[in-house]
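Trainee: The structure under discussion is supplied below as structure tokens; questions concerning it will follow.
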Amino acid sequence: MTETFDLRPAARELATLVATVPDDRLTLPTPCPGYSLGDLLAHVAGLALAFRAAADKALGPLTGAAPSGEAASLPAGWRTEIPRRLDALADAWAAPAAWEGMTEAGGVTLPGAVAGLVAADELVVHGWDVARALGRPFTAADSPLEAAYRFVLASAEPGAPRDGLFGPIVPVPDDAPLLDRVLGLAGRDPAWEPPRH
């Protein structure tokens, strides 16, 4: 039987952060290389649609390419629209059928159960990215965090594809908190701080 888990806590955490981002912070740098906060929010807006479609097996333009990372593509009313999309993503993955069979995300065909792990990784890591860009604390719910860890750990295996997914691994102590280990394997420095002005 396919293992499933609840994405709603991770989606809610990210949605809460998104809803509080002021307009004058959209140009802030983030720990996500090359992305301003506005770029990252646009990416989150797109991935929420893409992973909902992946859960529903509604394959097509939303699942056939990676989501945009351009602030100019932020949807109208993004502070409410992105949280709405994140809620819909989490609800779609609450259906057992989302985890069965094959689906597509970012133009890659993969098992539904693996796509669920990828979705957890996206929610946890980008939730942390947004929180750090804003200088705020971040708490990841246990089950999505553990799922994200399984995904990034597999990506660190020799020969596993990382290009386009993650930057180089950042060494983190074996006894570091699980979130820090996820971040290091995803190519993030857990000690990243926003630049001081």
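Trainee: At a Förster radius of 30 Å, what calculated FRET efficiency corresponds to the Cβ-Cβ distance of A94 and F138, to the nearest 0.05?
Mentor: Computed FRET efficiency for A94 and F138 comes out at 0.85.
Trainee: Treating only the Cβ of Lys, Arg, Asp and Glu as charged (+1, +1, -1, -1), what charge dipole size does the chain show about its Cα centre? Round to the nearest 20 debye.
Mentor: In total the dipole reaches around 360 debye.
Trainee: Continuing with the same structure: According to the square roots a ≥ b ≥ c of the eigenvalues of the Cα gyration tensor, what is the shape class of the chain, taking rounded for a/c under 1.5, prolate for a/b larger than b/c otherwise, and oblate for the remainder?
Mentor: Oblate, since a/c reaches 1.5 and b/c is not below a/b.
Trainee: Lys and Arg at +1, Asp and Glu at -1: add these up for the other residues within a Cβ distance under 13 Å of R181 and post the number.
Mentor: Local net charge: -4.
Trainee: Counting only the backbone N, which residues of the stretch 82-114 are under 18 Å from the spot 7 Å out from the Cα of D6 toward its beta-carbon?
Mentor: 86-99
Trainee: Quick one: grab the alpha carbon gyration tensor of the stretch 63-164, order the square roots of its eigenvalues as a ≥ b ≥ c, and give me rounded if a/c is under 1.5, else prolate or oblate depending on whether a/b is larger than b/c.
Mentor: rounded
Trainee: A further question follows. Once both labels are modelled 7 Å past Cα along the beta-carbon direction, what's the A156-A19 spacing in nm?
Mentor: Each label point is offset 7 Å from its Cα along the Cβ direction, giving 3.4 nm.
Trainee: Show the residues, 5+ positions off or on another chain, whose built amide H is closer than 5 Å to the amide H of V108.
Mentor: none
Trainee: Output the peptides 57-70, 123-136, 39-52, 182-195 sorted from most to least packed, where packing is the average of other Cβ atoms within 10 Å over each peptide's residues.
Mentor: In decreasing order of mean packing, 57-70, 123-136, 39-52, 182-195 become 39-52, 123-136, 182-195, 57-70.
Trainee: Another question, then. Under a 10 Å cutoff between Cα atoms, tell me which one of P137, P171, P96 has the largest fluctuation in the Gaussian network model of the chain.
Mentor: In this elastic network of the chain, the residue with the biggest mean-square fluctuation among P137, P171, P96 is P137.
Trainee: Given a 10 angstrom Cα cut-off, can you work out which residue in D24, D121, D91 is the most mobile in a GNM of the chain?
Mentor: Evaluated over the chain, the most mobile residue of the options is D24.
Trainee: Can you grab the distance from the C-alpha centre of the stretch 1-37 to the C-alpha centre of the stretch 40-68, Å, no decimals?
Mentor: Spelled out, the Cα-based centre of one part sits 15 Å from the other.
Trainee: Then there's this: Dipole of the stretch 8-185 (Lys/Arg Cβ +1, Asp/Glu Cβ -1, origin at the Cα centre): which of A133, P22, A65 lies farthest to the positive side?
Mentor: So the residue we want is P22.
Throughout, read-outs are computed from the coordinates displayed, never taken from laboratory work. Everything numeric in this text was worked out from a predicted model, so none of it was measured. Here the Cβ is made from the backbone with ideal geometry for all residues, glycine too, and neighbour counts use every protein chain on show.
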